[in-house]
1. I need the calculated FRET efficiency for the pair His204 and Lys76, taking r as the beta carbon distance and R₀ as 35 Å, to the nearest 0.05.
2. 5 Å is the cut-off here: which amide hydrogens, built 1.01 Å from N in the peptide plane, fall below it relative to Ile123, excluding neighbours closer than 5 in sequence?
3. How far is it, in nm, from the label point at Lys50 to the one at Gln162 when both lie 7 Å from their Cα along the line to the Cβ?
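The numbers here are math on the coordinates, done by the rules we state, and not lab data. Only a predicted model underlies this, so the values are computations on that prediction, with no experimental measurement involved. All Cβ positions, glycine included, derive from the backbone under ideal geometry; neighbour counts span all protein chains shown.
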Amino acid sequence: MCKLFSTMLDSCSPDSLTNSKCDVPRTFHLPYTWQFRLMRKCSWHRPLSKLMLNHECNATSAMQITHLFVTRMLAKNIKGCVVFTSSAAACQPTPFSALYGATKSYISSFAANIAVELKSRGIDVCAVHPSPVASNFYEKAHKLDSLNFFMNFAVQPDALPQEIFRPIGRVVWYDIGGVAIGFRMLLKLIDYGCFATFISYFAHALGDFKKNI
């Protein structure tokens, strides 16, 4: 999927507004459910080149694709929306999946910022935060006890399409499923920084920590 996006971006340069390959849809959804890579184990056990590929696939491409289409929508005065698939991981520390959580936070923050810029131009922006999804996405990834626990509350894939379109034009962030809603409510009670600090003091006692460090 990343190679597909790279090819599309190469063929549709920002200066080629008249390029027939770059017709602007009125509404488009950036399919990060397919695009995102989930790399587990401690980041320090991975080569930097692998981490950079993960970062570029998960975060940099989102900015590039959004810039590509929004630039054309503004130039042609087309109203529409941009929808990002973020994650419940955007709202919590994710040890051993550090880049996944960090890039999901990037997606949510990026969506919130450009939503403010684009609303008055007739372009709605929304980042949806699904709970873990009961799909094959996690099958080949390194197993984590914490994720296996949250998978007990997974959202079914069939429930996502309708839920993803429901909040467009109404809110900038939208949580789907009990895990996403639960963590967002937790952050109403405790600051993200305090949450991360608290976890850092006892994380070493958890099974995932002992297996992956």
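1. Working: r = 55 Å, r/R0 = 1.56.
Efficiency, rounded to the nearest 0.05: 0.05.
2. Close amide H contacts, sequence-distant or interchain: Gly80.
3. The two pseudo-label positions are separated by 4.1 nm.
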